[in-house]
Amino acid sequence: MSTTMPTPTGTTVRPASATSGALMSTWSAYLLVGAGALLMLAPFYFMFVFATHSRTEIFSLPPPMWFGNDFLNNVQILTQRLPFWRNLGLSLYVGLCNTGLTLLFCSMGGYAFAMYEFRFKKALFGLVMGTMLLPSFMNMIPSFMIMDLLGWIDQPRALYIPGAASAFGIFLMRQFIASSVPRELVEAARIDGCGELGIYARIVLPLLKPALGTLGLITFISSWNNFIGPLVVMRSPEMYTLPLALRSLQSPVDTEWGALMAGSAIATLPLIVLFALCSRQLISGLTVGAVK
Amino acid sequence: MRLSLPSFLRLSPRYAPYALLAPFLVLFAVFGLFPLLFSLYLAFHSWEPTSGLGAMHWVGLDNFSFALQDEWFWKSLRNTAWLAIASGVPQHLVAIPLATFLHLAFRRWRNAMVGAYFLPYITSSVAIAILFSSLFSTDYGLINLAIATLRELPLLGALLPQAAVDWLNDPDSLKPAIATIVFWRYVGFNVVLYLAALQTIPPDLYEAATMDGAGRFQQFFHITLPSLRPMIFFGVTLSVIGGLQLFEEPFILTGGKGGSDQAGMTAAVYLYRNAFDFNDFGAASAMSWLLFLIVAALTWLTHRAFRRKDD
């Protein structure tokens with residue numbers, strides 16, 4: 001998209017009076033934008049640098065600016081203070097289960113909303129979309145009580161099952177199916193004697209790959225980062241997901257900053273890799289509601 | 001290829017949508033709608049989690065009047081408003097010119113730049129808040145160190161704090177620290193929104209304006225800004241909704257307690273503390289509904305504010 005965009009006030013129409021002052025201001029704008037980008041990335045850099053230093057090195061003057069060699073030590077402290085690998089595995093497990101369920105249920109639901117006419121369709125869709133605007137704190141207290149009632153406290157399913165009822169997922173799938181699955185194809189399959197679920201599973205689902213990829217990425221990332229959910233339902237350190245585990249290492253008196261930074265870096269690295277590989281897909285998926 | 005399923009799975013097109021929607025709708029009802037109704041019910045009851053679900057008592061509007069007379073609730077609302085404005089307004093003031101400049105002057109590097117600004121949005125807010133609590137540390141933190149270095153500069157130096165700032169313990173400094181993190185995390189999201197909107201402005205508008213001798217600043221104020229208005233509405237609404245539910249950054253930065261003099265206690269943090277620290281689920285539910293009403297009212301007001309010029 002970027003390479004073919006015409007520049008509205010392109011260089012060709014720049015007035016002849018473009019003085020050295022104007023040129024200077026353009027260059028300083030470039031510098032400012034570039035410096036801003038570096039400033040955005042700097043915290044990540046220091047997260048990784050600090051992850052390789054001990055607590056005393058991090059809190060010395062001047063603080064470390066380049067990588068050290070205490071990373072493995074820090075990881076060792078992490079594993080002493082926490083069931084860290086278990087926490088990491090649990091984050092991965094919850095993320096994958098949540099993603100799988102969301103993709104299945106939202107593609108089915110989105111397909112129903114996009115391709116069928118049925119009673120209460122508009123009202124139902126409106127209701128689902130309405131909950132997208134609800135602030136997350138509305139759910140904090142009652143969802144704890146429901147989990148308590150169901151006996152799901154300290155159970156991973158308390159995180160990935162409710163997460164699968166994603167209004168955003170329904171929205172994304174419905175949009176995609178309505179715009180890119182041809183109705184004629186569905187009709188033709190029906191005439192050929194394919195059952196309704198067969199049409200979904202064999203005709204529609206394979207066409208949804210791009211949307212499933214986007215929704216999968218977004219769901220996994222938000223599950224991986226989820227803090228309020230586990231904060232409310234997870235009680236024992238063995239059941240902590242990564243954000244909760246890292247938070248539990250913070251203490252007013254004796255925080256192992258090196259270990260905490262190593263843990264944060266381990267929690268952040270997969271996201272940076274995912275973003276580097278699919279930034280376009282992620283950015284457009286996350287802003288799809290705005291752009292329509 | 002066989003195109004048939006076992007006969008019990010064959011549905012008529014009439015019932016198929018219900019079958020397809022069923023799994024989602026069941027979860028949506030149980031974990032999306034029911035909690036909402038339940039929290040409304042709870043807001044009119046008193047309940048102590050230790051005494052079981054049977055121990056709920058109808059108390060009418062007591063929880064609401066308690067919340068409205070609670071000084072800490074008001075304080076948490078003021079904190080939240082302060083943070084929402086201090087982190088939200090600069091996001092848009094920076095994102096709009098930034099997106100405009102990226103749109104006009106960047107081609108090959110645009111995606112890389114957008115990526116750099118967007119990256120904080122997808123990373124764990126807990127990891128980020130933990131990192132920033134070390135960057136903001138008083139004696140050894142990089143942020144105070146950077147300020148101390150910049151202080152040597154003429155002019156700019158005079159504007160900066162003259163001593164090391166106790167970001168995380170001084171009530172007056174905690175809020176700017178939180179707002180900085182929130183700004184850093186969300187500014188890139190807004191840049192992407194505005195970039196998308198900028199790409200829909202027809203280039204001939206600018207060409208015509210250039211013909212008429214309009215300078216770049218005039219074009220920005222007379223073409224770009226008015227065209228962006230719907231997106232500004234949308235972006236500001238998202239910032240309002242997001243700002244009023246600010247939870248993770250202040251929660252981590254203050255160790256879950258709200259900070260000295262409760263300066264970092266946002267409404268969402270106070271809700272959480274009411275329920276899980278003070279065991280007052282009824283009051284917490286009432287507060288969540290009051291806060292929801294504020295969010296809804298502000299969304300509506302933003303909508304009106306940006307609509308008016310069209311009429």
Inset, instruction - Assess whether A:Glu196 counts as being farther than 19 Å from A:Phe44 by Cβ and surrounded by 22 or more Cβ atoms within 10 Å (Cβ to Cβ). - result: yes
Inset, instruction - Name every residue in the stretch B:190-234 that is over 19 Å from B:Leu93 (Cβ atoms), free of Cβ contacts under 8 Å to residues at least 24 places away in the same chain, within 8 Å of chain A (Cβ to nearest Cβ) and of a type outside the set (A, V, I, L, M, F, W, C), in order of residue number. - result: B:Pro203, B:Tyr206, B:Glu207, B:Thr210
Legend entry - Candidates B:Trp47, B:Trp109, B:Trp72, filtered to the one that is farther than 21 Å from B:Phe189 by Cα, out of contact with any Asp or Glu (no Cβ under 8 Å at 6 or more places or on another chain) and within 12 Å of another protein chain (Cβ to nearest Cβ): B:Trp47
Legend entry - Filter result for A:Met108 (under 25 Å from the mean Cα position of the chain (by Cα), under 30 Å from B:Tyr140 (Cβ atoms) and not acidic (Asp, Glu)): no
Legend entry - Which numbered condition A:Gly109 fails, given (1) within 12 Å of chain B (Cβ to nearest Cβ); (2) free of Cβ contacts under 8 Å to residues at least 24 places away in the same chain; (3) surrounded by 17 or more Cβ atoms within 10 Å (Cβ to Cβ): (2)
Legend entry - Qualifying positions in the stretch A:127-178 - in contact (Cβ under 8 Å) with a residue 12 or more places away in the chain and of a type in the set (Gly, Ala, Ser): A:Ser136, A:Ser143, A:Ala158, A:Gly163, A:Ala164, A:Ala165, A:Ser166, A:Ala167, A:Gly169, A:Ala178
Legend entry - Boolean, B:Val182 is crowded, with 19+ Cβ neighbours inside 10 Å, under 15 Å from the mean Cα position of the chain (by Cα) and either more than 10 Å from chain A (Cβ to nearest Cβ) or not in a helix (DSSP H, G or I) (or both): yes
Legend entry - Qualifying positions in the stretch A:165-198 - in contact with a Gly (Cβ under 7 Å, 6 or more places away or on another chain) and not in a helix (DSSP H, G or I): A:Ala165
Legend entry - Residue that is farthest from the chain's Cα centre (by Cα), among those in the stretch A:226-265 that are at pLDDT below 95 and β-branched (Val, Ile, Thr): A:Val253
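Restricting the search to the stretch A:191-200, which residues are facing chain B (nearest Cβ under 7 Å) and over 32 Å from the mean Cα position of the chain (by Cα)?
A:Asp192, A:Gly193, A:Cys194, A:Gly195, A:Glu196
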Legend entry - Some residue of the stretch B:284-301 being at pLDDT 90 or above, in contact with a Pro (Cβ under 6 Å, 6 or more places away or on another chain), within 24 Å of B:His92 (Cα to Cα) and surrounded by 24 or more Cβ atoms within 10 Å (Cβ to Cβ): no
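Are any residues in the stretch B:235-255 at pLDDT below 85 and within 10 Å of chain A (Cβ to nearest Cβ), and if so, which ones?
Scanning the stretch B:235-255 gives B:Thr237, B:Ile241.
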Legend entry - Flag if A:Pro162 is at the interface with another protein chain (Cβ under 9 Å from one of its Cβ atoms), under 30 Å from A:Gly263 (Cβ atoms) and not in a helix (DSSP H, G or I): no
Inset, instruction - Please list, ordered by first then second residue, the pairs with beta carbon atoms under 9 Å, 6 or more apart or interchain, first in the stretch B:294-311 and within 11 Å of B:Thr237 (Cα to Cα), second at pLDDT 85 or above and charged (D, E, K, R). - result: B:Phe306/B:Arg229
Legend entry - Where B:Leu246 falls short, out of the listed (1) among the aliphatic types (A, V, I, L, M); (2) surrounded by 15 or more Cβ atoms within 10 Å (Cβ to Cβ); (3) not in a loop (DSSP other than H, G, I, E, B): (3)
Inset, instruction - Kindly indicate whether any position in the stretch B:76-86 is among the basic types (Lys, Arg), more than 30 Å from A:Ser91 (Cβ to Cβ), assigned by TED's automatic domain parsing to the domain that holds B:Ala179 and not in a helix (DSSP H, G or I). - result: no
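The values are calculated or read from the model by the stated rules, or taken from the named source; none is laboratory data. This one's a predicted model, so the numbers in the text were calculated from it and none came from an experiment. Cβ sites come from the backbone with ideal geometry, for glycine too, and all protein chains shown count toward neighbours.
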